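*Asks:* The structure follows.
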C-alpha cells in the first residue's frame, strides 16, 4: 500500500488515545506488522527532521502525536486547562499499586498504615487504576492494577519504564545534596534583602499536592483537584 504512511498519520491525528500496532492492523486490513512499524518510523523521522510543533511519541503501548513541551506556554493560553493534581495520599497509593500490582486493598493499607478506601475510589474515578477481578481468599477482595491512562499521563511506554528502586535512591541522594548545598550557601550569605524578608517559602519535598505532567494537550479529560479524603492518611 503506497499511502500507508499518510493513512497512519490521519488516524493518529484524529485519535484521542495512543494507537497500537494491533489497532492499526484491525483498521488497515491486509497490512503486515513490519510494514506498519516501518511507516511509523518513517513518520517519526519526518517529524524530527522538520522540528515542527509536534512529534510522534511511543506511550502506553502505542503511538500518539503530541505537541512539543517547549510550546506548552502558548498552548495553555489557548486551551486554559485546569491544573492536573493529585493529593499526596493519592500519589502514594498510586505508586504502591504501580510497583506492587496486581495488589489488593489490604496490601496497600499495610504499606501506608492508613485506610485507603476513599483514595482508591478517587483513582478509579480518574481512571488511573482498574479492577482486575477478585482474589480467591476470604472475603474475595478486589484486585487493583494501573491502566493505560496511567501510562499515558506519566509518559511511559510500559511499566518497565518505571524508575527502579536504585534510580529513585540515587535521585533522592542527589536531591538531598542540592538541599544541603543550598542550606550551606544560605549560611555563607546570611543577609536578606528587604524585598524577601518575611516572605513565605515553599519546600518541594513538603508540598501536599504534586502536579502531574500535562504534555499531552490532546486529552480532553480535565482532572480537578482532589477533595480532602477524611478516611485516608
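*Asks:* Is the shape of the stretch 1-133 rounded, prolate or oblate, going by the alpha carbon gyration tensor and its root eigenvalues a ≥ b ≥ c, with a/c under 1.5 for rounded and a/b larger than b/c for prolate? Spell out each step's value before the answer.
*Replies:* Details: a/c = 3.13, a/b = 1.72, b/c = 1.82.
Since a/c reaches 1.5 but b/c is at least a/b, the shape of the stretch 1-133 is classed as oblate.
*Asks:* Another question about this same structure. Highest first, please rank the peptides 95-101, 22-28 by the mean number of other Cβ atoms sitting within 10 Å of their residues.
*Replies:* Listed from highest to lowest mean packing, they are 95-101, 22-28.
*Asks:* Using a Förster radius of 41 Å, what is the FRET efficiency between residue 135 and residue 28 based on their Cβ-Cβ separation? Nearest 0.05, please.
*Replies:* 0.55
*Asks:* Is the C-alpha gyration tensor of the stretch 77-132 telling us rounded, prolate or oblate? Criteria: a/c under 1.5 is rounded; beyond that, a/b larger than b/c is prolate, otherwise oblate.
*Replies:* The shape class here is prolate.
*Asks:* Once you have a ≥ b ≥ c as the square roots of the Cα gyration tensor eigenvalues for the stretch 4-78, tell me rounded if a/c is under 1.5, and otherwise prolate or oblate according to whether a/b is larger than b/c.
*Replies:* In terms of gyration-tensor shape, prolate.
*Asks:* Between the stretch 64-81 and the stretch 2-40, what is the C-alpha centre distance in whole Å?
*Replies:* The distance from the Cα centre of the stretch 64-81 to that of the stretch 2-40 comes to 25 Å.
*Asks:* How would 114, 122, 153 line up from fewest to most surrounding beta-carbon atoms within 10 angstrom?
*Replies:* Starting with the residue having the fewest Cβ neighbours, the order is 114, 122, 153.
*Asks:* What FRET efficiency do you get for residue 10 and residue 159 if R0 is 30 Å and r is their Cβ-Cβ distance, rounded to the nearest 0.05? Could you put the intermediate results ahead of the total?
*Replies:* Numbers: r = 30 Å, r/R0 = 1.00.
Taking R0 as 30 Å, the efficiency between residue 10 and residue 159 is 0.50.
Each reported figure results from applying straightforward, stated rules to the coordinates on display, with no laboratory input. Source: prediction; values computed, not measured. Here the Cβ is made from the backbone with ideal geometry for all residues, glycine too, and neighbour counts use every protein chain on show.
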